[in-house]
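See structure below.
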Amino acid sequence: MKVYNSLTFKKEEFKTLEPGKVKMYVCGVTVYGSPHLGHAKSAVAFDLIHRYLKFKGYDVNVAKNYTDIDDKIIKASQENNVDFRTLSEQYIGEYEEIMQLLNVEKDTYNPRATEVMDLIIKFTQELIKKGNAYERNGSVYFSVQSFPKYNTILQRVKDKQKKSEEDDDYVTDQDTAFGEDKLDVRDFALWKKMKEGEPYWDSPWGKGRPGWHIECSVMILNFLGETIDIHGGGQDLKFPHHRNEIAQSESYSGKTFAKYFLHNGYVNVNNEKMSKSLANFFTVADIAKEYDPMVIRWYLISSHYRSSNNYTSDSLEPAKKTYNRLLNTIKKVNDTEFSDTKSKQLDDLIVKIGEAKAKMIEAMDDDFDTPVALAELLTLFREINKALLQDNIKINQEFKDKFFDLIMFSESIFGIFPFLKSKSKPFSDESADEKDKIIKNLINLIIEIRVKLREKKIYDLSDVIRDRLRELGIDIEDKKV
């Protein structure tokens, strides 16, 4: 199995620190608003990775945090005249409801920054002791200059064109922009002196609160250890958040922080990243009023986790049609009459089910390539639809068992069929009813009409009918007239 490592800019063979075990940390949400589709993209991406690693036999420990104290939360709590704890609890609750709605499996740990405040203070003290941090007027800063490889983290650097540290372009954020008495403009806050009206904790440097970057480093250290296998998050977190995490964590421990960094793409609106700060976001709760949550999930995993989705008001319509075709095929297989008669077509389909699963695994082994894996699933479903609806074949128990084994496999790694707790639910075990027979007869009638149209060389109308049937999952092969 190979994964794309943002540290090395290439796909690498996945080898864990400890055989059979994975320690994975995913940067979670800052809880000052309702979760939007961009949050769902990251959550579903790493849920997919979590699921597939378990399928491969790994014992996976996942920590995904809640940032429940930072500048944005303080600002939102002051604007709404509510305690920051009340605000963060409200949005943590909303986030967890959305995760359940999207069939995201529970993480091993969901730590909150405010739960590890004593450890954050100890971590900061150790960095000061080691000479990697310094105190100024009640605040503490990490010294970028104390970490020689800082400029090369998560970016390509050509030796001949390498800039000096003084000329290095740096990305600012709430912690880098903080403080006017720093030794270096690139230094970032580990501990921020309290401002009037802000929440605070007591520390050796006075009343204050932690910076954002140090929160993740300490939660990783506390729940997973000094070195982890996978660190995940959105592409927007590479600079400066993940760079700063690496710098402070490796300065603290003297060890490699994470073996692999995996970054998911954005959800864009009009080709611009969806975010609260740009006020161009769509909450998952609002979208779920119009679409089945599994349609939302299908939409998100139908693109590669490293790619971005460009969202518009009708983006989910194709996903809805595709997902409904899948459900119709599952129901059709469940309801189709059984027969003990041998059929080469049925035997071939059974073989194709096995081949499809093998190809799906092959795709997922290649950096979790869901577009290729899902395309294999759709191709198989089209062939099954044709056999059941157009050719009217009868299925046997072997076919049904193989088919539902594939469906349960698909649910285990893609998380798109949460309702299939057993092979018979929520579908009936009864044979095809009169309605099904009418549908088959109508399809046969449509096909006969197409044949007549083609015989009369009315190809435009014939092609329209063919294309509409394909949308329903029914493929027709045209032969020369």
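Could you tell me which of Ala133, Ile474, Val267 has its Cα farthest along the dipole of the chain towards the positive end, charges placed at Cβ (Lys, Arg +1; Asp, Glu -1), taken about the Cα centre?
About the Cα centre, the residue reaching furthest to the positive side is Ile474.
Report, to two decimal places, the Cα Rg of the chain normalised by 2.2 N^0.38 Å (N = number of residues).
Compactness ratio reported: 1.18.
In the chain, with Lys and Arg counted as +1 and Asp and Glu as -1 at Cβ, which of these residues, Ile69, Phe147, Pro210, has the Cα nearest the positive end of the dipole, that is, farthest along it?
Towards the positive end, the residue furthest out is Phe147.
Any idea what the dipole of the range 189-344 comes to, in debye rounded to 20, about its Cα centre with Lys/Arg Cβ at +1 and Asp/Glu Cβ at -1?
260 debye
For a quick check of your reading of the filter: which GluC sites (Glu not before Pro) in the range 188-282 sit in a DSSP loop and have no more than 11 other Cβ atoms within 10 Å?
In loop regions of the range 188-282 (DSSP not H, G, I, E or B), the sparsely surrounded GluC sites (Glu not before Pro) are Glu196.
Enumerate the residues in the range 364-395 having an amide nitrogen under 19 Å from the point lying 7 Å beyond the Cα of Lys342 toward its Cβ.
Within reach of a label on Lys342: 393-395.
If we restrict to alpha carbons, what Rg and Dmax does the range 317-432 come to, in Å?
13.9, 42
Just need log10 I(q)/I(0) for the range 275-338 at q = 0.14, 0.20 Å⁻¹, Debye formula, equal scatterers on the alpha-carbon atoms, no solvent, rounded to two decimals.
The calculated log intensity ratios at q = 0.14, 0.20 Å⁻¹ are -0.51, -0.87.
For the range 317-432, build the charge dipole from Cβ charges (+1 Lys, Arg; -1 Asp, Glu) around the Cα centre, then report which of Ala356, Asn328, Phe368 sits farthest towards its positive end.
Asn328
Work out the length of the dipole vector of the range 317-432 about its Cα centre, built from +1 on the beta-carbon of each Lys and Arg and -1 on the beta-carbon of each Asp and Glu, and round it to the nearest 20 debye.
So the magnitude is around 460 debye.
Hey, what number do you get for the chain at 222 nm if only DSSP H runs of n ≥ 4 count, each worth -39500 (n - 2.57), divided across all residues, to the nearest 500?
Result for the chain, helices only: -14000 deg cm²/dmol.
Collect residues whose amide H, placed 1.01 Å from N in the peptide plane, falls under 5 Å from the amide H of Ser143; neighbours closer than 5 in sequence don't count.
HN-HN under 5 Å from Ser143: Ala133, Tyr134.
So if I restrict to the alpha-carbon atoms in the range 48-116, what is the Rg, and what is Dmax, the biggest pairwise distance, in Å?
Looking at the range 48-116, its Cα Rg and Dmax stand at 15.1, 49 Å.
Quick one: angle between helix 397-414 and the longest Cα principal axis of the chain, in degrees between 0 and 90, rounded to 10, please.
20 degrees
In debye, nearest 20, what is the charge dipole magnitude of the chain about its Cα centre with +1 on Lys and Arg Cβ and -1 on Asp and Glu Cβ, if you could check?
In debye, rounded to 20, the chain gives about 1180.
Antiparallel versus total DSSP beta bridges in the chain: what percent is that, nearest 5?
Close to 45 percent.
Here, each number is a calculation from the coordinates, and none is a lab measurement. Owing to the predicted nature of the structure, the values given are computational and were not obtained by experimental measurement. Note that each Cβ is placed from the backbone with ideal geometry, even for glycine, and that neighbours are counted across all protein chains shown.
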